[in-house]
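Values in this text are rule-based calculations from the coordinates and carry no lab data. Please read all numbers here as calculations on a predicted model, not as lab measurements. Glycine also receives a Cβ, built like all others from the backbone with ideal geometry; neighbour counts cover every protein chain displayed.
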Amino acid sequence: MQELHIDDQVQGPIPPRVVNTISPNKLRTRVAEVCEEMGEPNWSKLIISDERNLVTLIANKPGTGNRPHWHRDFDEYWVVMEGTIQWELTGGTTIVAEKDDIVFVPRGSVHHIQNIGEGRSLRLAIALPPAEHVWTDCAECGFKA
């Protein structure tokens, strides 16, 4: 098991050390600009990436999503920004979320995410790096890895 070790610590308030003008790690990201840059779904764009944070903006067209997977060493959560999205989880739990909902999935739970709405879905995924995925079958949805 990998142990979390943070070397980069500060001793008091400091101004931003790096001011990126491109992703990842811009001080401000405009979602509308990312969507325009990326175009029609399906796509994902890394927004923040450092030793403590991994934040990805993900767009899916209707009927699409991710392959079922789980994580050994970190929980994951999402902020639904647009659309209707379904999470099928280990043990038969199903979550349907819409704009402004936050979905949390603890480590070890298989999650199969699908856009079940009629338009584009947009979600912000927040995880702990390196965010290793373990791809798997999904007994609940019948997906075979």
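By the scheme Lys and Arg +1, Asp and Glu -1, what is the net charge of all other residues having a beta-carbon under 12 Å from that of Val79? Present the calculation step by step, with values, prior to reporting the outcome.
Values: positive: Lys99, Arg123; negative: Glu76, Glu82, Glu98, Asp100, Asp101.
Cβ neighbours under 12 Å give a net charge of -3.
Kindly rank 37-50, 15-28, 69-82 from highest to lowest mean number of other beta carbons found within 10 Å of each residue. List each step's numbers first, then the result.
Numbers: 37-50: 14.4, 15-28: 9.6, 69-82: 17.1.
Highest mean packing first, the order is 69-82, 37-50, 15-28.
Which whole-number percent gives the relative contact order of the chain, counting Cα pairs below 8 Å spaced six or more residues apart? Intermediate results must be reported in sequence, preceding the final value.
Working: 307 pairs, mean separation 37.8, N = 145.
For the chain, the relative contact order is 26 percent.
Using 7 Å Cα-to-Cβ label points, what is the Val18/Arg72 separation (nm, one decimal)?
2.7
So if I place +1 on the C-beta of Lys and Arg and -1 on the C-beta of Asp and Glu, and nothing else carries charge, what would the dipole magnitude of the chain be about its Cα centre? I want it in debye, nearest 20.
With Lys and Arg at +1 and Asp and Glu at -1, about 220 debye.
The range 31-135: D in µm²/s via Stokes-Einstein (Kirkwood Rh, Cα pairs, 25 °C, 0.890 mPa s)? Please report the intermediate quantities before stating the final value.
Details: Rh = 13.8 Å.
Here the translational diffusion coefficient equals 177 µm²/s.
I want to check the label-to-label distance for Thr136 and Glu40. Put each point 7 Å from Cα in the C-beta direction and report it in nm to one decimal.
3.5
Straight-line reach from Lys61: which lysines have a Cα under 21 Å away, not including same-chain ones fewer than 8 places off?
The reachable lysines, counting only those whose Cα sits under 21 Å from Lys61, are Lys45, Lys99.
Tell me, what HN-Hα J-couplings in whole Hz come from the Karplus equation 6.51 cos²θ - 1.76 cosθ + 1.60 at θ = phi - 60° for each residue of the range 45-51, using x for Gly and Pro?
Going residue by residue, I get 9, 6, 9, 9, 8, 8, 6 Hz, with x marking Gly and Pro.
Return the calculated 222 nm mean residue ellipticity for the chain, to the nearest 500 deg cm²/dmol, obtained by summing -39500 (n - 2.57) across DSSP H runs with n ≥ 4 and dividing by the residue count. Walk me through the intermediate numbers first.
Working: 1 runs with 8 residues, N = 145.
After summing the helix terms and dividing by residue count, I get -1500 deg cm²/dmol.
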